[in-house]
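Input: a single structure, listed below in structure tokens.
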Number of protein chains: 2
Amino acid sequence: MIKTITLAHGNGGAENNELIEKVFYKHFKNDILSKSEDAAVIEEGKLAFTTDSFTVSPLFFPGGDIGKLAICGTCNDLSMMGAKPKYLTCSVIIEEGFLTRELEKIVKSMKKELDINGAIVVSGDTKVVPKGSVDKLFINTTGIGEIEHKGISASALKEEMSILVSRDIGTHGATIFAEREGIKLTSTLQTDCASLYPEIKKLVDSGINIVALRDATRGGVSAVLNEWAKSSDVCIEIEEESIPVREEVRGICEMLGFEAVNLANEGTFLLAVAKEDEEKALEILQETHKTSRIIASVTNQYKGKVLLNSSWGTKRFLDLPTGELLPRIC
Amino acid sequence: MIKTITLAHGNGGAENNELIEKVFYKHFKNDILSKSEDAAVIEEGKLAFTTDSFTVSPLFFPGGDIGKLAICGTCNDLSMMGAKPKYLTCSVIIEEGFLTRELEKIVKSMKKELDINGAIVVSGDTKVVPKGSVDKLFINTTGIGEIEHKGISASALKEEMSILVSRDIGTHGATIFAEREGIKLTSTLQTDCASLYPEIKKLVDSGINIVALRDATRGGVSAVLNEWAKSSDVCIEIEEESIPVREEVRGICEMLGFEAVNLANEGTFLLAVAKEDEEKALEILQETHKTSRIIASVTNQYKGKVLLNSSWGTKRFLDLPTGELLPRIC
């Protein structure tokens with residue numbers, strides 16, 4: 001039994017799952033929750049419903065801020081269930097002394113992303129707490145989306161299907177780390193944070209059967225693939241060489257002692273489709289990001305596991321990330 | 001223009017409204033949000049949608065804890081729009097080092113209140129942040145309810161209507177204050193925190209036309225009456241003598257220099273009905289709380305204002321509370 005909650009319990013990986021299962025699922029138990037998708041499917045499959053709290057530090061970083069992150073994060077979770085983001089709530093907890101000018105900058109970022117998604121904020125809550133009770137500002141966004149593509153599920157992967165990544169990975173994690181540590185590696189590295197609905201809409205409209213879809217946030221690509229392998233009881237074989245990683249991200253990974261596949265993303269998703277749809281899917285994804293690739297295939301070799309075929313010709317299991325990854329990444 | 005955000009901007013009163021209007025409403029502007037009801041009405045009037053973040057300190061207090069508060073708070077906001085609480089999300093931000101035993105106690109309290117409302121948690125988020133980034137634990141709950149009684153609105157009050165309060169007021173604010181300051185005034189004083197759906201359901205089923213309904217949380221009874229007077233452009237005349245306040249709460253008010261009508265409640269609501277429905281409504285409310293009273297009537301004397309007829313025979317305006325009320329009350 002977990003006695004004390006540690007930073008590892010918020011890592012999006014193994015310990016995080018353990019806390020969720022042993023405390024929250026145990027008591028809140030119900031059929032919808034136990035599906036553990038990015039968003040709950042409610043109202044006879046018509047609506048998707050999801051929540052996220054954002055605690056990122058620093059609040060402003062290359063390519064985004066906590067406001068952009070909050071709208072993208074929640075709208076992307078809806079998009080990942082094939083839903084069009086529609087209504088959001090916005091709840092902020094502010095430390096006294098926070099500058100209104102900064103708050104307004106954050107709210108403007110939110111509005112900009114809302115417009116990209118065609119969503120609106122319909123309800124909110126504002127709390128101000130004494131100095132020291134919160135580090136500057138936290139935002140919760142919870143959203144409702146209208147499902148446009150039904151049946152997307154982490155449990156639907158089958159042998160011989162293909163898995164694609166929508167762009168090069170790890171830039172959000174690398175950007176936040178570099179910003180926090182004052183590392184000036186490059187002038188071009190910035191978070192991938194983006195609203196994914198427009199890109200998903202293109203996939204939906206193309207008529208491709210989207211089997212599974214998930215943005216690789218906390219826990220990165222590893223966490224998504226492990227969850228899919230487990231939920232669908234299949235083996236996912238990933239080719240290390242095919243994983244797109246920028247040079248700057250590789251450099252930061254070496255400094256951190258992290259693997260890019262474990263780094264958080266905020267605008268990068270994985271897509272599972274039938275083998276015959278992979279080329280068409282890749283073509284659509286590459287219209288948005290040239291770095292999109294087919295990175296893995298579904299087999300029946302080691303059920304529930306992710307097998308990494310390394311560039312050196314060796315094979316190893318890619319496990320769910322564990323330990324204290326970067327805290328306050330989102 | 002507000003330069004810096006102060007504790008007063010989270011008081012549920014005048015400064016809070018100013019911040020919301022000048023920063024959030026200004027940028028998020030839309031027809032649903034600008035109604036500024038307890039919950040947004042969406043999907044052609046079928047669903048209600050609302051959010052609340054809870055930062056109360058201490059986490060455990062006589063009669064409740066942050067978990068009970070989080071479910072009651074959000075379910076009550078739905079009930080206040082005539083909706084049956086149905087689906088909730090639960091997002092927690094935990095400080096590293098928090099004890100799992102305490103978290104589980106909180107989650108159990110949540111489950112108990114969920115059952116009273118017949119609601120379930122369908123989606124969640126768990127963040128763990130380093131020591132000093134948050135004071136112990138914050139919870140956001142966001143809920144969807146199915147509207148059972150349409151047309152409840154803060155803008156629907158008309159001359160000659162009556163306003164009732166569901167029970168004696170101010171116990172939540174008084175309890176939190178006493179607990180925080182280590183005051184042991186009495187062994188019986190505890191928060192009013194409660195799920196109001198069962199009581200509202202009785203009102204709905206009775207066939208009474210519920211004109212307006214709102215729980216008197218931050219900013220207390222004063223904030224609700226002022227909002228109603230303004231939204232409906234009417235005068236609300238309240239009889240000081242008729243306001244039910246317990247002796248212990250009166251005592252704490254004297255110590256605080258507060259008025260009971262400004263103290264926060266978490267299970268006390270105001271109800272506006274036509275004059276001819278007031279006796280029937282009172283009878284129903286008194287089945288739950290003997291202390292329920294008819295406290296005010298709607299007139300056209302000073303439009304947009306709340307007029308208090310004091311026990312001494314004098315009259316004064318009861319304004320929206322201002323300044324730093326008790327922070328972290330909910």
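Between A:192, A:168, the distinction of being more than 9 Å from every other protein chain (Cβ to nearest Cβ), part of a loop (DSSP other than H, G, I, E, B) and touching a Pro at 6+ places or on another chain (Cβ under 6 Å) belongs to A:168 only. Within the range A:45-52, can one find any residue that is of a type in the set (A, V, I, L, M, F, W, C), in contact with a strand residue (DSSP E or B) (Cβ under 8 Å, 6 or more places away or on another chain) and outside any strand (DSSP E or B)? No, the range A:45-52 contains no residue that is of a type in the set (A, V, I, L, M, F, W, C), in contact with a strand residue (DSSP E or B) (Cβ under 8 Å, 6 or more places away or on another chain) and outside any strand (DSSP E or B).
Conditions (1) among the small types (Gly, Ala, Ser); (2) within 30 Å of residue A:130 (Cα to Cα); (3) surrounded by fewer than 24 Cβ atoms within 10 Å (Cβ to Cβ), marked per residue:
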residue	(1), (2), (3)
B:127	no, yes, no
B:134	no, yes, no
B:139	no, yes, no
B:146	no, no, yes
B:156	yes, no, yes
B:168	no, yes, yes
B:171	no, yes, no
B:174	yes, yes, no
B:180	no, yes, yes
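Filtered by the rule that a residue be modelled with pLDDT of 95 or more and surrounded by fewer than 17 Cβ atoms within 10 Å (Cβ to Cβ), the range A:287-313 gives A:287, A:288, A:290, A:291, A:299, A:302, A:303, A:304, A:309. Residues of the range B:56-76 that are more than 15 Å from residue B:217 (Cα to Cα) and assigned to a helix (DSSP H, G or I): B:67 alone. Residues of the range A:95-108 include at least one that is under 18 Å from residue A:266 (Cα atoms) and aliphatic (A, V, I, L, M). In the set (1) out of contact with any Cys (no Cβ under 8 Å at 6 or more places or on another chain); (2) within 25 Å of residue B:199 (Cα to Cα); (3) open to solvent by 10 Å² or more (accessible area, probe 1.4 Å), the condition left unmet by residue B:237 is number (2). On inspection, residue A:102 fails the criterion of being in contact with a Lys or Arg (Cβ under 8 Å, 6 or more places away or on another chain) and outside any strand (DSSP E or B). In the range A:105-128, the qualifying residues are those that are among the β-branched types (Val, Ile, Thr) and not in a strand (DSSP E or B), and the one that is nearest to residue B:22 (Cα to Cα) is A:107. If you go through the range B:115-150 one residue at a time, how many are within 21 Å of the chain's Cα centre (by Cα) and without any contact (Cβ under 8 Å) to a residue 40 or more places away in the chain? Of the residues in the range B:115-150, 1 are within 21 Å of the chain's Cα centre (by Cα) and without any contact (Cβ under 8 Å) to a residue 40 or more places away in the chain.
Quick grid of which residues meet (1) modelled with pLDDT of 95 or more; (2) more than 8 Å from every other protein chain (Cβ to nearest Cβ); (3) open to solvent by less than 10 Å² (accessible area, probe 1.4 Å):
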site: A:84; (1), (2), (3): yes, yes, no
site: A:87; (1), (2), (3): yes, no, no
site: A:90; (1), (2), (3): yes, no, yes
site: A:94; (1), (2), (3): yes, no, yes
site: A:102; (1), (2), (3): yes, yes, no
site: A:115; (1), (2), (3): yes, yes, no
site: A:122; (1), (2), (3): yes, no, yes
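Of all residues in the range A:2-60, those satisfying the criterion of being within 7 Å of chain B (Cβ to nearest Cβ) and surrounded by fewer than 16 Cβ atoms within 10 Å (Cβ to Cβ) are A:3, A:4, A:30. Do we find that residue A:73 is touching a strand residue (DSSP E or B) at 6+ places or on another chain (Cβ under 9 Å) and surrounded by fewer than 20 Cβ atoms within 10 Å (Cβ to Cβ) in this structure? Judged against the criteria, residue A:73 is not a match. Can you find even one residue in the range A:129-141 that is closer than 30 Å to residue B:43 by Cβ, at pLDDT 95 or above and part of a loop (DSSP other than H, G, I, E, B)? Among the residues of the range A:129-141, not one is closer than 30 Å to residue B:43 by Cβ, at pLDDT 95 or above and part of a loop (DSSP other than H, G, I, E, B), which makes the answer no. Just one of the listed residues (B:208, B:176, B:169, B:183) is in contact (Cβ under 8 Å) with a residue 40 or more places away in the chain and closer than 15 Å to residue B:281 by Cα, and it is B:208. Within the range A:204-213, being open to solvent by less than 40 Å² (accessible area, probe 1.4 Å), closer than 15 Å to residue A:147 by Cα and either of a type outside the set (A, V, I, L, M, F, W, C) or in contact with a Gly (Cβ under 9 Å, 6 or more places away or on another chain) (or both) holds for A:204, A:210, A:211, A:213. With respect to the conditions (1) open to solvent by less than 10 Å² (accessible area, probe 1.4 Å); (2) farther than 21 Å from residue A:118 by Cβ; (3) within 11 Å of chain B (Cβ to nearest Cβ), residue A:66 lacks only one, and its number is (3).
Taking strands (runs of 3 or more DSSP E) as the structural unit, those lying wholly within the range B:227-330 and holding at least 1 residues that are under 23 Å from residue B:12 (Cβ atoms) and over 19 Å from the mean Cα position of the chain (by Cα) correspond to B:235-239, B:293-299, B:306-309, B:315-317. Looking across the range A:104-113, just one residue is facing chain B (nearest Cβ under 7 Å), open to solvent by less than 60 Å² (accessible area, probe 1.4 Å) and among the charged types (D, E, K, R), and that is A:104.
The values are calculated or read from the model by the stated rules, or taken from the named source; none is laboratory data. Small disclaimer: the values here were computed from a predicted structure and weren't measured. Glycine also receives a Cβ, built like all others from the backbone with ideal geometry; neighbour counts cover every protein chain displayed. Heads up: the accessible areas ignore ligands, DNA and RNA and are worked out on the full protein's heavy atoms, side chains in. Shrake-Rupley method; radii C 1.70, N 1.55, O 1.52, S 1.80 Å.
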